[in-house]
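The block underneath contains the structure these notes are about, expressed in structure tokens.
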Amino acid sequence: MTSKSIWQHELPILILHLVACWQVGYWKDMQQEEAAEKVKTEGNESSILLTGLEGNTLYHLTVRAYNAAGYGPPSTAVHAATKKSPPSQAPGNIMWIQDGSHVSLGWEPVRPLANESDVMGYKVLFRQEGQSNSQVIETQKTSAVVLLPDVGVYIIEVCAVSEGGDGTASPQIRVPSFS
């Protein structure tokens, strides 16, 4: 046998064993592995974003390969905990004063519940009415100054920022700009 003939015979076997995708199984700590949700990666991507998980929850995860021969055995389970959920309370008692194209905002701080993430700061989102993309100002204070660049009506909202994500947004404020 020559090295060329070995290569020709091994190539189809190698192709059969290439990973076509990965399957990730995940379940909550108090559940059995049989209750696992299962998701597949796109092609042989080696990462996937799991969505819809509960906050502040311990999960077990396994991974197994899939190819033309079928599924391989699952990996040893690893454990991962999700972060606490973002605060459910919106910033309250929002006050604002307008001076030309400048809007000074102030609000009461958000107090997260025991099962929610601590507040790290706030986002002030503002956009012109009829537009979908918001501009964002981030602050660690309970106040901010927004510059309204164009003539029109602006929609302003405030939300807490936490390790678990953005919290509930405040009721919208509509502010006219005449600049």
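The values are calculated or read from the model by the stated rules, or taken from the named source; none is laboratory data. No experiment lies behind these values; they were computed from the predicted model shown. Reconstructed Cβ throughout: ideal geometry from the backbone, glycine too, with neighbour counts over all protein chains shown. The accessibility values were calculated without ligands, DNA or RNA, using every heavy atom of the protein model including side chains. Shrake-Rupley method; radii C 1.70, N 1.55, O 1.52, S 1.80 Å.
Hey, can you tell me all the residues within region 114-144 that are open to solvent by 60 Å² or more (accessible area, probe 1.4 Å), modelled with pLDDT of 95 or more and not acidic (Asp, Glu)?
120, 135, 136, 140, 141
Return the only residue of 25, 55, 106, 100 being touching a helix residue (DSSP H, G or I) at 6+ places or on another chain (Cβ under 9 Å) and of a type outside the set (S, T, N, Q).
25
Filter region 104-113 for residues that are under 30 Å from residue 175 (Cα atoms), out of contact with any Gly (no Cβ under 6 Å at 6 or more places or on another chain) and loosely packed, with under 15 Cβ neighbours inside 10 Å and give the result.
104, 109, 111 - these are the residues of region 104-113 that are under 30 Å from residue 175 (Cα atoms), out of contact with any Gly (no Cβ under 6 Å at 6 or more places or on another chain) and loosely packed, with under 15 Cβ neighbours inside 10 Å.
Quick check on residue 87: is it of a type outside the set (D, E, K, R) and either more than 25 Å from the chain's Cα centre (by Cα) or open to solvent by 40 Å² or more (accessible area, probe 1.4 Å) (or both)?
no
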